[in-house]
Amino acid sequence: MPEGHSVHRIARQFSLHFVGHATAVSSPQGRFAEGASRIDGHTMVAAKAVGKQMFLEFDNGLWLRVHLGLYGAWDFAGDITADATTASANGRMGQTNQRGTVPQGVMDQDAAEDSNASIGAPRRTRLRMAEQEKLESPIDSFPPQPIGAVRVRILTDAAVADLRGPTACEVLTAEEVDRAIAKLGPDPQVDKGKKAEQRFVSVVLKKPTPIALLLMDQSVVSGIGNVYRAELLFRARLNPFTPGKLLAEETVRALWKDWSYLLGVGVKTGQMLTMDKLGKADYLKALAHRDDRHWVYHRTGLPCRVCGTNIAMEELGGRKLYWCPKDQA
């Protein structure tokens, strides 16, 4: 399932290439024909992500809410960028040497959660964005024919976005959007002040629920999925089964600050990169391969990178939890 950083990156594609443009909205699959007709022909005026949900606003006061869930994905095609996170004010992207940028050719697409195959100005190409980002072959004509069961197609004069397999896809009023967002926990990319931190801390410290479950509860904090959950808990050297109400307040505040940091890294690089202070060679390896990117996630039975104890795995809340029995005792 795409975690919070992926959805923010998708929203930025819409902000860069669709906001301000009149759109033709359709449902090639037919399952969303009525909803598509309500926003067809209108200009997109805003795109924002909150946690794992994305909201697209149109000039008639209606919004499209999308939750990709386990199997959803957006395919972008046309004059788009491979990475919309560092676009300049004029709408173009230049080459950059900042830490987090992936040199062309470094990325192992099959091993990456979310990959940038190239960075540059908009080009007529196809880009799939979900749990992984995959830059595909250039397109020969525009718009390309829909491929597969496309729930929603959003088309401008230069770009197209096709949605497949979402858990949720609905047209909402502004009031309904407000109610949907109010049910979500704070998202550090959206809620940047102390108020959001305090909201998270206050909720966690009241709960008898294990912290490993609280971090996955989108009403407690937005955007954390299975990868970030395991990595945050290891980075804090925190026992996953500790009830929230038994944690020290400073521990919970540190979790929020670390999530804010890791989410920012994920939005910037397109990957759930959770290992810090890497040398240049190790950093490039981590960008290129999932196996070199994480402390404990998906490493069942392998030695802990810190103490050498075999990493454990257990089902919790229907998801696989990874942790080090020694460092997180």
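Given the criteria modelled with pLDDT of 95 or more, surrounded by fewer than 17 Cβ atoms within 10 Å (Cβ to Cβ) and within 21 Å of the chain's Cα centre (by Cα), does Lys245 qualify?
In short, no.
Out of the range 276-301, which residues are outside any helix (DSSP H, G or I), buried (at least 16 other Cβ atoms within 10 Å of the Cβ) and either of a type in the set (Lys, Arg) or without any contact (Cβ under 8 Å) to a residue 24 or more places away in the chain (or both)?
Correct list: Arg293, Arg299.
Given the conditions (1) of a type outside the set (Asp, Glu); (2) buried (at least 18 other Cβ atoms within 10 Å of the Cβ); (3) out of contact with any strand residue (DSSP E or B) (no Cβ under 8 Å at 6 or more places or on another chain), which single one is not true for Ala236?
Unmet condition: (2).
Select from the range 17-55 the residues that are touching a strand residue (DSSP E or B) at 6+ places or on another chain (Cβ under 7 Å), part of a strand (DSSP E or B) and of a type in the set (Val, Ile, Thr) and list them in ascending order.
If the condition is that a residue be touching a strand residue (DSSP E or B) at 6+ places or on another chain (Cβ under 7 Å), part of a strand (DSSP E or B) and of a type in the set (Val, Ile, Thr), then Val25, Thr43, Val45 are the ones that fit.
Considering every residue within the range 238-247, establish whether at least one is farther than 25 Å from Pro186 by Cβ and not in a helix (DSSP H, G or I). Can you show your working first?
Quick first cut of the range 238-247, residues farther than 25 Å from Pro186 by Cβ only: none.
No, because not a single residue in the range 238-247 is farther than 25 Å from Pro186 by Cβ and not in a helix (DSSP H, G or I).
Only one of Val171, Val177, Val201, Val190 is in the same structural domain as Tyr261 (by TED's automatic domain parsing), over 19 Å from the mean Cα position of the chain (by Cα) and touching a residue at least 24 places away in the same chain (Cβ under 8 Å). Can you tell me which?
None of the others qualify; the one that does is Val201.
The values are calculated or read from the model by the stated rules, or taken from the named source; none is laboratory data. None of these values were measured; they are calculated from a predicted model. As a convention, Cβ positions derive from the backbone with ideal geometry for all residues, glycine included, and neighbour counts pool all protein chains shown.
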